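Bear in mind these aren't lab numbers, they're just calculated from the coordinates by the rules spelled out. Small disclaimer: the values here were computed from a predicted structure and weren't measured. Using ideal geometry, Cβ is built from the backbone for each residue, glycine included, and neighbour counts are taken over all protein chains shown.
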Amino acid sequence: MEKKDLLYEGKAKILYLTEDPNLLVQVFKDDLSAFNGTKRGKFDGKGEVCNAIATYMFEYLENYHVPTHFVKKVSESEMVVKRLEMIPIEVVVRNVATATLAKTYNLEEGKVLKYPIVEYFLKDDRLGDPMINEHHAFAMGYATPEEMKMIGRIASKVNAIFKSFFDRRGLVLVDFKLEFGKHDKSLLIGDEISPDTCRIWDKKTNKKMDKDRFRYDMGGVDKVYRELYDRIVSAA
Ligand code: C5P
């Protein structure tokens with residue numbers, strides 16, 4: 001599928017229009033960004049590894065009838081996706097206390113939560129992505145009560161699916177972020193699912209296998225992204 005005009009360039013991906021008004025090409029860049037774009041980096045092959053992981057994850061969700069924007073992988077760093085009208089809310093699901101959650105509520109880092117937590121943040125870098133709840137989302141007109149209910153249900157289902165998926169690969173799904181959008185009135189998962197948007201730890205050693213290695217200058221970010229890909233596909 002041929003790329004036409006640039007629609008949107010984000011920190012780690014670019015969206016292009018195509019000859020089909022319903023479809024876009026999503027290109028994964030080699031760039032890494034953290035802390036609302038204030039920290040930047042890159043490594044060669046990052047776009048390819050994230051595209052490969054996101055493709056695997058979206059295809060896996062398809063088997064469980066979870067609706068996503070993914071259509072097909074078309075090159076090493078590109079996938080075709082359905083065009084969405086995005087809902088500007090970041091949906092975070094947490095299984096283990098870490099980072100802001102551990103700090104805010106004075107929880108022990110690495111504590112397994114008794115029940116997963118679903119959180120919502122308004123996607124707005126200038127405001128620092130403030131946390132909101134469903135009521136803010138309805139009141140400010142970002143989504144209807146029915147949409148928020150469906151978003152919460154899908155996010156919990158994705159968590160259940162991927163928690164056991166990673167567990168079978170000797171990994172712990174600590175937390176992750178999803179974004180949603182509308183296509184022909186149906187609600188679909190958009191954006192990507194990759195080590196840029198998830199926290200994943202090795203079950204035995206607690207080694208961090210995700211973007212925290214870049215955020216906190218732990219080194220070896222390129223190596224762990226590739227190792228993660230190998231572990232994801234090896235247990236298929
Ligand atoms: O920073 P925080 O602890 O809220 O992040 C929770 C999860 O959501 C992490 O896996 C992180 O990678 C992801 N996230 C993201 N994009 C953001 C904020 C968080 O992918 N803008």
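LYS157 meets each of the listed conditions (1) within 12 Å of the ligand (Cβ to nearest atom); (2) surrounded by fewer than 16 Cβ atoms within 10 Å (Cβ to Cβ); (3) in contact (Cβ under 8 Å) with a residue 24 or more places away in the chain apart from (1). Checked against (1) surrounded by 15 or more Cβ atoms within 10 Å (Cβ to Cβ); (2) away from the ligand (no atom under 13 Å from the Cβ); (3) of a type in the set (Asp, Glu), ASP184 meets all criteria but (1). Among (1) surrounded by 18 or more Cβ atoms within 10 Å (Cβ to Cβ); (2) assigned to a strand (DSSP E or B), where does ALA54 come up short? Among (1) surrounded by 18 or more Cβ atoms within 10 Å (Cβ to Cβ); (2) assigned to a strand (DSSP E or B), the lone unmet condition for ALA54 is (2). ALA34 meets the conditions (1) within 15 Å of the chain's Cα centre (by Cα); (2) buried (at least 19 other Cβ atoms within 10 Å of the Cβ) in every case but one. The failed one is (2). Taken over the range 37-67, the criterion of being within 16 Å of the ligand (Cβ to nearest atom) and either touching a Gly at 6+ places or on another chain (Cβ under 9 Å) or charged (D, E, K, R) (or both) is satisfied by LYS39, ARG40, LYS46. Restricting attention to the range 97-111, the residues being surrounded by fewer than 20 Cβ atoms within 10 Å (Cβ to Cβ), more than 8 Å from the ligand (Cβ to nearest atom) and among the hydrophobic types (A, V, I, L, M, F, W, C) number 2.
Being touching a helix residue (DSSP H, G or I) at 6+ places or on another chain (Cβ under 9 Å), surrounded by fewer than 16 Cβ atoms within 10 Å (Cβ to Cβ) and among the hydrophobic types (A, V, I, L, M, F, W, C): is that true of PHE28 here?
On the way: touching a helix residue (DSSP H, G or I) at 6+ places or on another chain (Cβ under 9 Å): yes; surrounded by fewer than 16 Cβ atoms within 10 Å (Cβ to Cβ): no; among the hydrophobic types (A, V, I, L, M, F, W, C): yes.
When the stated conditions are applied, PHE28 does not pass them.
Considering the range 62-72 alone, what residues qualify as being more than 17 Å from the chain's Cα centre (by Cα) and within 14 Å of ALA52 (Cα to Cα)? Talk me through it step by step, then tell me what you get.
The first filter runs over the range 62-72 and keeps only residues more than 17 Å from the chain's Cα centre (by Cα), leaving 63-65, 72.
Selection gives LYS72 alone.
Checking each residue in the range 192-208 for being away from the ligand (no atom under 11 Å from the Cβ) and either free of Cβ contacts under 8 Å to residues at least 12 places away in the same chain or within 17 Å of TYR56 (Cα to Cα) (or both) picks out only THR205.
Considering each residue of the range 80-95, count those that are within 14 Å of the ligand (Cβ to nearest atom) and touching a helix residue (DSSP H, G or I) at 6+ places or on another chain (Cβ under 9 Å), and give that number. Write out each step before concluding.
To start, the set of residues in the range 80-95 that are within 14 Å of the ligand (Cβ to nearest atom) comprises 86, 88-95.
When the remaining residues are screened for being touching a helix residue (DSSP H, G or I) at 6+ places or on another chain (Cβ under 9 Å), the result is 89, 91-95.
So the count comes out to 6.
Of the residues making up the range 73-112, those that are part of a loop (DSSP other than H, G, I, E, B) and either touching a Leu at 6+ places or on another chain (Cβ under 9 Å) or farther than 27 Å from GLY45 by Cα (or both) are ARG83, LEU84, ALA97, THR98, TYR105, ASN106, LEU107, GLU108, GLU109, GLY110, LYS111.
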